[in-house]
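Read the structure below first, then the notes.
The values are calculated or read from the model by the stated rules, or taken from the named source; none is laboratory data. Bear in mind that the values here come from a model prediction, so they are computed numbers and not experimental data. Cβ placement follows ideal geometry from the backbone for every residue including glycine, while neighbour counts extend to all protein chains displayed. The area values use the complete protein model at the heavy-atom level, side chains included, leaving out ligands, DNA and RNA. Shrake-Rupley method; radii C 1.70, N 1.55, O 1.52, S 1.80 Å.
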Amino acid sequence: MPKTLWSGRFQKDLAKNALFYTESLSVDAEMIEEDIWGSCAHAIMLARQGIITDDDLQRILEWLMKAQKDYKRGKFILKTDLEDVHMNVEKYIIDGAGSEYGGKLHTARSRNDQVVTDARLYIRNRLLTIQEQVIELSKTFLAIADSHLTTPMPGYTHTQDAQPITLAYWATAYVSIFLRDIERVEHSYRLVNTNPLGSCALAGTTFPIDRRLTTKLLGFNSMHAHSLDAISSRDFISEPLSALAIHMSHLSKLAEELVYWSTYEFNLITLDDSYTAGSSIMPQKKNPCVAELARGRTGAVYGDLVQILTTLKGIPMGYNRDLQEDKPPLWNALNTVEATLSVMNGMMQTVTFNEARMMELAGANFTAATELANYLVWEKKVSFRDSHHIVGGLILKLISEKKDFSSFDDIEKHLSKSGVNIPFDVLRHLLDPRNVVEAYRSEGSTSPTAVKKMADDFRSKLKKHEGRIKKERLHIASSRGKTQKLVDQVLLGKPVKSLRI
Ligand code: ARG
């Protein structure tokens with residue numbers, strides 16, 4: 001006799017290799033807590049609706065609680081033979097409470113709605129954690145900004161020296177990006193937070209279930225309106241994955257900057273020993289391995305997104321077993337992003353910015369050229385195009401003479417040949433990167449005043465996100481607590497209909 005819970009129609013067990021090919025326990029065991037919570041809520045609802053008796057409920061809950069406890073102390077060993085976590089928990093209840101009781105747990109439920117309920121509950125938590133981590137990393141960047149409001153550094157376009165900026169400006173740019181990343185994860189969280197339980201296999205059920213009750217007990221924001229959609233769709237997986245992939249693209253940008261800024265040639269930063277590694281042969285080496293791996297693993301997270309999108313392409317409506325392949329890419333992405341955020345934060349908290357080198361490069365290679373051109377426009381009433389031409393010509397000359405913007409005499413001389421007279425002192429002031437960054441006053445620009453304003457705004461936005469996440473965590477904990485309280489009351493022998501929900 002086959003031993004699976006669905007063995008009625010079968011005369012043979014699944015072949016061993018087919019079992020290992022089809023099992024998902026190795027992936028979904030992680031959702032056991034959610035599976036038990038979902039089962040408690042479902043059973044309470046069934047009894048409340050008179051679909052099972054108080055006696056049935058009591059026995060089911062008693063064994064669900066045992067399952068939870070035994071799993072935690074390693075006494076409930078999940079079996080691959082049972083295919084997935086859902087079958088393992090149900091079998092445990094049936095074996096414990098007897099089929100006449102435990103066998104009723106799966107009334108008005110299918111693994112199709114069960115698996116997406118568990119997954120949504122599980123993903124919720126993970127997405128909150130990721131958002132908290134991005135907030136922490138953003139705070140690290142804000143701290144860098146706070147202490148470097150006036151530290152000049154070279155700003156680049158095309159990876160070529162462009163204009164001086166401040167280190168605070170660079171740091172707050174990441175915060176600006178991360179705030180959008182948080183919003184993207186928050187949005188995906190909202191799509192995850194709908195209750196599919198009660199959709200059953202695909203069509204809903206003839207049993208008089210109360211889906212709003214399980215929605216409340218599981219702390220979902222709303223009931224997933226359409227049952228066929230609920231069991232068929234996996235955009236609640238691809239949406240967070242897409243937010244994670246985009247976030248990794250930003251972490252990878254950061255990693256790339258850390259890698260080349262720490263080279264001997266750039267020497268803008270010194271990575272802490274604790275986030276670098278040595279070479280087995282070259283004794284002098286200090287390699288930015290952590291940053292390189294963050295950059296490298298971005299590829300894996302993109303791969304996860306492409307994997308789920310490709311899996312979903314062409315799957316017809318309804319549950320199809322292909323859908324079981326939804327969790328590995330998301331799990332992998334969640335684990336990778338969490339780990340990457342953790343090391344990136346550590347790396348940014350310990351990195352040293354080489355201010356002298358930043359200052360040197362901020363003023364080198366004619367980075368103040370735009371400011372000089374602007375000066376001609378403002379003070380000498382030259383049109384911007386003409387001014388661009390004059391300054392371009394000046395730079396061409398200086399380069400041919402192997403001079404740069406520190407040769408004020410030469411600059412003065414060449415400019416006067418173009419009919420522009422700028423006194424030595426003015427030039428010295430104008431071309432100093434510290435003064436250049438000070439002068440960029442437009443909103444959202446690099447001047448300390450503008451950066452401070454942005455930093456304050458970002459800080460208050462982060463605070464709001466923190467408040468929202470805290471509230472959400474409290475809501476989840478209180479729904480979990482509510483379910484547990486009902487379980488405890490039922491186990492004390494109280495009739496479920498008498499309980500306040
Ligand atoms: N392990 C399955 C999954 O992850 C659970 C749902 C199975 N449903 C089914 N009809 N075979 O998708």
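What the table below lists for this structure:
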{"read-out": "Out of 281, 269, sole residue that is open to solvent by 60 Å² or more (accessible area, probe 1.4 Å) and aliphatic (A, V, I, L, M)", "value": "281"}
{"read-out": "Test: residue in segment 256-268 that is outside any helix (DSSP H, G or I) and charged (D, E, K, R)", "value": "yes"}
{"read-out": "Conditions (1) under 30 Å from residue 180 (Cα atoms); (2) modelled with pLDDT of 95 or more; (3) open to solvent by less than 60 Å² (accessible area, probe 1.4 Å); number of the one not met by residue 452", "value": "(3)"}
{"read-out": "Residues that are open to solvent by 50 Å² or more (accessible area, probe 1.4 Å), part of a helix (DSSP H, G or I) and within 16 Å of the ligand (Cβ to nearest atom), drawn from segment 291-324", "value": "307, 321, 322"}
{"read-out": "Which numbered condition residue 99 misses (of (1) in contact with a helix residue (DSSP H, G or I) (Cβ under 7 Å, 6 or more places away or on another chain); (2) at pLDDT 95 or above)", "value": "(1)"}
{"read-out": "Selection status of residue 193, away from the ligand (no atom under 16 Å from the Cβ), at positive phi and in contact with a helix residue (DSSP H, G or I) (Cβ under 8 Å, 6 or more places away or on another chain)", "value": "no"}
{"read-out": "Flag if residue 125 is open to solvent by 20 Å² or more (accessible area, probe 1.4 Å) and within 30 Å of residue 467 (Cα to Cα)", "value": "yes"}
{"read-out": "Segment 9-37 - residue that is at pLDDT 95 or above and in a loop (DSSP other than H, G, I, E, B) and, of those, most open to solvent (accessible area, probe 1.4 Å)", "value": "23"}
{"read-out": "Of residues in segment 116-136 being among the charged types (D, E, K, R) and within 14 Å of the ligand (Cβ to nearest atom), the one nearest to the chain's Cα centre (by Cα)", "value": "120"}
{"read-out": "Yes/no for residue 139 being within 23 Å of the chain's Cα centre (by Cα) and open to solvent by 10 Å² or more (accessible area, probe 1.4 Å)", "value": "yes"}
{"read-out": "Segment 347-396: number of residues that are part of a loop (DSSP other than H, G, I, E, B), out of contact with any Asp or Glu (no Cβ under 9 Å at 6 or more places or on another chain) and among the aliphatic types (A, V, I, L, M)", "value": "1"}
{"read-out": "Of residues in segment 53-87 being of a type in the set (S, T, N, Q) and free of Cβ contacts under 8 Å to residues at least 40 places away in the same chain, the one surrounded by the fewest Cβ atoms within 10 Å (Cβ to Cβ)", "value": "53"}
{"read-out": "Odd one out for residue 327 among (1) basic (Lys, Arg); (2) open to solvent by 80 Å² or more (accessible area, probe 1.4 Å); (3) within 16 Å of the ligand (Cβ to nearest atom)", "value": "(2)"}
{"read-out": "Tabulated pairs, segment 98-115, first within 16 Å of the ligand (Cβ to nearest atom), second modelled with pLDDT under 95 and open to solvent by 50 Å² or more (accessible area, probe 1.4 Å), C-beta under 9 angstrom, 6+ apart or interchain", "value": "106/5"}
{"read-out": "Qualifying position, being modelled with pLDDT of 95 or more, among the aromatic types (Phe, Trp, Tyr) and surrounded by fewer than 24 Cβ atoms within 10 Å (Cβ to Cβ), among 169, 156", "value": "156"}
{"read-out": "The lone exception for residue 405 - which of (1) closer than 30 Å to residue 218 by Cα; (2) hydrophobic (A, V, I, L, M, F, W, C); (3) in a loop (DSSP other than H, G, I, E, B) it fails", "value": "(1)"}
{"read-out": "Candidate set from segment 230-265 (those that are farther than 19 Å from residue 182 by Cα and among the charged types (D, E, K, R)); member that is least open to solvent (accessible area, probe 1.4 Å)", "value": "234"}
{"read-out": "Residues within segment 201-219 that are part of a loop (DSSP other than H, G, I, E, B) and open to solvent by 10 Å² or more (accessible area, probe 1.4 Å), tallied", "value": "10"}
